[in-house]
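Have a look at the structure below, then the notes.
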């Protein structure tokens with residue numbers, strides 16, 4: 001699970017200027033998965049823009065189901081002018097374990113432009129990014145990102161998600177070929193109150209390591225907003 005996603009946080013940003021933090025716990029029903037993933041997200045706006053990060057952990061290591069993957073993204077939006085565009089910088093990286101061995105997830109550094117839109121009451125938001133992406137030890141490439149957020153039923157339901165498209169060499173095999181990689185993770189939450197939500201996320205991936213071709217991984221989850 002690659003989290004995400006500014007969508008829910010963009011809605012919160014439009015409603016308040018305080019920091020927002022949430023913890024999500026998902027059970028992943030994807031083929032060959034069947035494990036728990038946790039995600040801690042934080043979004044904090046300020047007068048110079050905003051800061052966002054998340055940390056994902058998969059709990060499927062050994063018979064004890066200890067953490068087997070730790071992955072983080074941290075991004076900074078910079079905007080001190082009027083208009084829909086802002087500057088964007090980002091870092092991605094992590095660690096995957098298998099048995100007694102550990103494997104780093106390549107550091108990735110991204111920079112580019114971000115365009116944002118919202119309706120009058122901020123119940124609908126759209127965010128598009130055009131980014132330069134450097135995957136350390138592999139290549140330079142481009143990434144296109146879209147993020148959305150929609151409040152439904154007077155805020156009782158929230159539909160959010162993101163979509164990423166980039167090009168990467170050796171994503172699912174050591175073949176020296178650059179492949180398109182696509183991933184999107186729409187989420188649908190029912191908000192029981194201001195703190196607790198229940199819902200689902202579905203990950204759609206294409207050539208998303210280590211899988212060649214298309215794969216769908218649904219989850220059931222709960223989210224606590226601090």
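Since every read-out is calculated from the coordinates, none of them should be taken as a lab result. Just so it is clear, the model here is predicted, and its values are computed rather than measured. Virtual Cβ from ideal backbone geometry, glycine too; neighbours counted across all protein chains shown.
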Which order, highest average first, do 115-122, 154-161 follow once you tally other Cβ atoms within 10 Å for each residue and take the mean per peptide?
-> 154-161, 115-122
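In percent, what relative contact order does the chain have, based on Cα pairs under 8 Å that are 6 or more apart in sequence?
With pairs under 8 Å counted, the relative contact order is 17 percent.
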Highest-first arrangement of 187-198, 69-80, where packing means the average Cβ count within 10 Å | 69-80, 187-198
What helix-only [θ] at 222 nm does the chain give? Using -39500 (n - 2.57) per DSSP H run of at least 4, over all residues, to the nearest 500, the answer is -1000 deg cm²/dmol
Over 18 Å, how big is the tail of the calculated P(r) for segment 58-145, in percent of all Cα pairs?
-> 59 percent
Have a look at 179, 66, 88 and tell me which one the Gaussian network model of the chain (Cα, springs below 10 Å) gives the largest fluctuation.
-> 66
Put in order of increasing Cβ neighbours within 10 Å, starting from the fewest, 48, 81 give 81, 48
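Over segment 90-194, what relative contact order in percent results from Cα pairs under 8 Å that are six or more residues apart?
Details: 219 pairs, mean separation 17.6, N = 105.
17 percent.
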Starting with the highest mean, order 201-210, 139-148 by the number of other Cβ atoms within 10 Å, averaged over the residues of each peptide.
-> 201-210, 139-148
